[in-house]
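Written out below as structure tokens is the structure these notes cover.
The values are calculated or read from the model by the stated rules, or taken from the named source; none is laboratory data. Not measured: the values here are computed from a predicted model. Every residue, glycine among them, receives a Cβ derived from its backbone with ideal geometry; neighbour counts consider all protein chains shown.
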Ligand code: NAP
């Protein structure tokens, strides 16, 4: 029970990787603030998480003011925040030549600004506590770039610079900031991709299979745990060997 008496905020907890992370942290003792865009999907997550261990909060992570209010609500409900996992994310794929301003802004505002919003929202609390663990979910697309994903890859690469900067700013207060970069994980996000895309991705995965949300949850749980107390500003790639 590595997270006994700890409180973890997990964004994008309604399904996929975020739900697996929330379940894993709850199974190891954490109380979870499950963040999703709507109250109904947040409540769905709560029902799936270890009984009585989670509360659901609805917020668009891109909305700075509302994120601040949710962070205050979580603090009022639970009294502390030990772990923040910025997992909420989306794609609006398309070639740069044809990409609309809206698709660019939506992806950057959700994936990058959303993470910043939550980090700012919990920072003061973690600084007062003199402890905290922040884990941001990037992507191999942010490491290598990906044709058709300039907005998404920029947001995910941005998370690396953001995380390393905050790792430096917050280290003296015993707060670590790390990144997990998943490869191709079986979720709703990848479920919509055409079969030919999946086949060509699979051909580039040395371990010969797609990852499961639980693979990412295990890496996040490690980086959020006391065992990772001497690791900060790092990126752990969990991708079956796609990027070496
Ligand atoms: P998913 O199944 O599509 O789930 C996305 C989650 O993010 C949902 O809970 C969704 O909540 C939430 N979300 C999206 N926009 C939001 C917003 N503006 N405000 C609040 N919540 C929002 O995605 P996934 O595959 O689990 O991906 C999770 C994270 O891993 C993402 O950051 C993604 O970029 C990253 N990732 C995934 C893969 C992969 O292969 N699947 C690979 C690399 C990185 P709602 O229920 O409200 O929609």
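Of note:
- Screening the candidates 94, 114, 161 for the property of being modelled with pLDDT of 95 or more and in contact with a helix residue (DSSP H, G or I) (Cβ under 7 Å, 6 or more places away or on another chain) yields one hit, 94.
- Test: residue 243 is within 14 Å of the ligand (Cβ to nearest atom), loosely packed, with under 14 Cβ neighbours inside 10 Å and within 30 Å of residue 132 (Cβ to Cβ): yes
- Flag if residue 108 is within 16 Å of the ligand (Cβ to nearest atom), closer than 23 Å to residue 213 by Cβ and outside any loop (DSSP other than H, G, I, E, B): no
- Within this structure, residue 21 fails the test of being buried (at least 19 other Cβ atoms within 10 Å of the Cβ), assigned to a strand (DSSP E or B) and on the phi < 0 side of the Ramachandran plot.
- Residue list for the range 161-201, restricted to those being assigned to a helix (DSSP H, G or I), within 14 Å of the ligand (Cβ to nearest atom) and loosely packed, with under 14 Cβ neighbours inside 10 Å: 188, 191, 197
- Whichever residue in the range 126-148 is in a helix (DSSP H, G or I) and touching a strand residue (DSSP E or B) at 6+ places or on another chain (Cβ under 8 Å) and, among such residues, is surrounded by the fewest Cβ atoms within 10 Å (Cβ to Cβ): 127
- Per-region count, the range 149-160, residues within 14 Å of the chain's Cα centre (by Cα), crowded, with 20+ Cβ neighbours inside 10 Å and closer than 19 Å to residue 244 by Cα: 1
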